[in-house]
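One structure is given below, encoded as structure tokens.
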Amino acid sequence: MYLLIKHAHAGFAALTLLLFVSRFALANFKPAWNQTKAFNVVAHSVYGALVACAAILCVMLYQYPLYSDWVSAKLVGLIVFVGLGIVAIRKKDVKIFGLALLAFFYTYGVAKSHSALSWFGLIFAS
């Protein structure tokens with residue numbers, strides 16, 4: 001069961017990145033498409049499933065934010081990603097979009113390394 005939830009979480013994370021890039025592109029080139037009900041339902045369903053899988057994994061592994069530093073770092077990274085993503089899409093700002101991508105990949109690095117150092121944790125652990 002653990003592997004199923006873990007892989008589902010990873011899949012929803014990948015879909016989240018794909019949807020974010022798609023939403024940013026649509027906001028810039030086809031704004032009306034970005035506001036369609038179907039697109040919003042799919043996007044919010046994926047985001048909800050991502051968070052639900054994360055919560056289930058926290059319970060399964062006894063790893064909770066504020067208890068485990070890397071889980072706290074993932075939560076902070078997610079909050080920063082969401083905040084920057086909202087601003088990037090609303091303002092159609094490429095620089096903020098890039099910062100949101102950095103936040104996403106920082107969070108991904110935290111997940112891979114189980115360290116708040118993210119990718120640096122993997123580099124210096126070798």
Report whether or not residue 17 is surrounded by 14 or more Cβ atoms within 10 Å (Cβ to Cβ) and modelled with pLDDT of 95 or more.
yes
Within segment 1-38, work out how many residues are of a type in the set (Phe, Trp, Tyr), in contact (Cβ under 8 Å) with a residue 12 or more places away in the chain and within 28 Å of residue 95 (Cα to Cα).
3
For residue 107: the one exception among (1) of a type in the set (S, T, N, Q); (2) modelled with pLDDT under 85; (3) closer than 30 Å to residue 33 by Cα
(2)
Can you give me the number of residues within segment 1-49 that are closer than 22 Å to residue 106 by Cβ, in contact with a helix residue (DSSP H, G or I) (Cβ under 6 Å, 6 or more places away or on another chain) and β-branched (Val, Ile, Thr)?
2
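Pull up segment 20-42, narrow it to residues that are basic (Lys, Arg) and more than 19 Å from residue 79 (Cα to Cα), then point me to the one that is most open to solvent (accessible area, probe 1.4 Å).
Filtering segment 20-42 for residues that are basic (Lys, Arg) and more than 19 Å from residue 79 (Cα to Cα), the one most open to solvent (accessible area, probe 1.4 Å) comes out as 37.
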(1) closer than 30 Å to residue 116 by Cβ; (2) touching a residue at least 24 places away in the same chain (Cβ under 8 Å): which one isn't true of residue 59, the others all being true?
(2)
In segment 43-73, what count of residues is obtained for those that are under 12 Å from the mean Cα position of the chain (by Cα) and open to solvent by 50 Å² or more (accessible area, probe 1.4 Å)?
2
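The values are calculated or read from the model by the stated rules, or taken from the named source; none is laboratory data. Keep in mind that what you see is a predicted model, and the values were worked out from it rather than measured. Note that we place each Cβ from the backbone using ideal geometry, even for glycine, and neighbour counts take in every protein chain shown. Accessible surface areas use protein heavy atoms only, side chains included; no ligands, DNA or RNA. Shrake-Rupley method; radii C 1.70, N 1.55, O 1.52, S 1.80 Å.
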